Structure formats: C-alpha cells, structure tokens
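Report on the following structure.
We did not get these values from a lab; they are worked out from the coordinates using the rules stated. Note that the structure is predicted; figures quoted are calculated from it, not measured. Because the Cβ atoms are built from the backbone with ideal geometry, glycine has one as well, and the counts that use them run over all protein chains shown.
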Amino acid sequence: MSVTQSSPDAAKLAAGALADPAVAQNAGPESSRNGRRRRLTGPRRSGPQTLVGRLLLGAVLVVFALLFLYPFVWLLAASLKPRGEVFDNALIPKTLTFDNYAEVWNQLPLLNWLGNSLIIALLAAGLVAISSSAVAFGFAYFRFPGRSLLFGLVLATMMLPGAVTMIPQYLIWKELGLIGTWVPLFGMNLFGSAFYIFLQRQFYLGLPRELFEAARLDGASNWQLFTRIAMPLSIPSFIIVFIFEFQASWNNLQAALIYLNAGSVEQFTAPLGLAYAMTKYSPTNGGQGDYQYVMVAALLITLPMLIIFSFGQRYFVEGIATQGRKG
C-alpha cells in the first residue's frame, strides 16, 4: 500500500525535475550541490575552538610585532635622553629633553647628508628600474635564438659575490677620474640588475601577448610597445623595484666608504655621516661621548624609509601578490 501511494509522488517529483532544474537540485541532500560540498568540506567549526585559535594567533603576532618594534622604540627613547643616560636601556627616559633635536643641526651637517642620500637614492632607483624594465621586456617579448642561454647568463651574475667585482669596479671608476664623486654610487645602475630583470620579466610574461600584437598591427614601434603598453601595465612591479633599490642605496655604507671617504664631510651620505659621527664623539678619538646626537641623526635618517613604505604599501602588496599568482 505504501509503495502504491509513494509512486505518484515519485512521478511528480521526476516530472518537476525535468521541467525545473531547481527541483532536481533540491530533490535530496545526496544529489544536491550544497550537500556534496558539505560532505567534502565537513561542518564549519565554530565556538570556543575558533576563538581560542584566533586569540593564540593574535598573541603570536603581538609578540613578534613588539620584537620588531623594540629597536625603534629604544632609538626613540635614547634620542630624548641626555648624554649620561643614552645607554641605560630604559624605554622611558628618566630625564626627557628635546634639546637634542635642536642641537643636532649645529653639531652635524645632517641636512646635507639627508639631501645627498636622497639625490643618490632617487637616481639609483630610477635608473635601475628603467634599465631593468627595458631589458626584461626584451627577454619577455622578443623571441630570438639563444634567448634562454643569454637570460641564464644574466641570472648567473647573481652568483658572483660583491667582493669579486669590488676591485675591478673601483679601478674602472678610478681610470675615469670619478673617485670622490657621487657617480659611482648610481652609475652602475645604468646597466640594470639581474634580480630586477628576472622580477620584471616574470611580470611581463603574464601580460596578454595579444595586446602587443594588436598594437603592432596599428603600427606601434618596439619603444611604443614598451612605453605605452608594458610600462603602464607593470606599475606595481616597477614600484617594487624602485622601493627595493631606494632602500638599498639609502643604506649603502660600503660604497660610500670606498668612493666618498676621501671627500669633504658635506658630501657624505647619511650612513657614512653616521659612521663619521660615531668616530667624532668617541672618547677614544678625543670626543666627549655625545652619542645622543648620533641617536637623533639615526632616527631622522630612518624616517624617509618609513614614509616611502607607507605610501607605497598598496603597490608593494599588489605587486608581490601578482608575482605570486604568475607562478
């Protein structure tokens, strides 16, 4: 009797499924898409386990954030202390003074150092970003015999330690008569960087080739393909290269020691100026131990990098995420 009564219902259900796919989708949990998803993924976790996991993750992030922020907080506190309390390791100064920030400009040519580093970093970052992008576009777009071999040779240059090329580069700049000038600090960036070439090439490979072929049919030249299509579409990666090289040039003490150490103090970059200040105030060198001015200078030199990263963070994250999706 039950079979007889259920057969009309089954027939109606089958007819409705044929007429409306939504009926078939809701016919039963075994055949529905949502049911299959629930069986594959399992029930969502909720309650105390999720809350405890989030609290633990937040606690770990807070601990690591404090570890990374501690040097900066210590530097800030030391810059606000008098001479006798600079190295007492107290994060809250016993004697708070702002005179260090007013006096440091009279003690050190800090404004010159900041201006020199800014000019050199902008030139170095801009030149290497443009030159590396041009070379990377050539490797990504043009197809010629030996392209893979030549690109492999470019990447192989990253395996050379900097100490191997340091002396030959110095001899080249010496023969050109440019020792004691800023040119060696950014001149090598005219030829690009292997790492930045690789980074930009990976980005260009992800661009649709049909865009370039359509522009080629419209009569665009190779330079127009690069400047009007490739460059506007690769702004995130271009900014990544610019920020990376700006930071590297801003903190480059070794090159400044080699090429600028024989020049005047006003021509020093910010890192070389800090090294000079440490020597100037050292008691073993006849100084009075006024390291509070060094702390103020170090803090002011750090601020430009923080500003650049804060303004370029959106492009920085976007470019890194895009590179990760290229694979």
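Quick notes on this one:
- Residues in the stretch 127-147 reached by a label modelled at Thr227 [backbone nitrogen below 18 Å; 7 Å Cα→Cβ]: 127-138
- Cα centre as origin, Lys/Arg/Asp/Glu Cβ charges: the stretch 105-326 dipole, Debye: 540 debye
- Additional length obtainable on full extension of the chain from Leu150 to Lys174, 0.36 nm per residue less Cα span: 5.7 nm
- Model label sites at Phe191 and Gln288, defined 7 Å from Cα along the beta-carbon direction, differ in position by 4.9 nm.
- Ascending count of other beta-carbon atoms within 10 Å, so fewest first, for Met158, Met278: Met158, Met278
- Peptides 284-295, 111-122 ranked from most to least packed give 111-122, 284-295, packing being the mean of other C-beta atoms within 10 angstrom over each peptide's residues.
- Neighbour counts of C-beta atoms inside 10 Å place Lys280, Lys94 in the sequence Lys94, Lys280, starting with the fewest.
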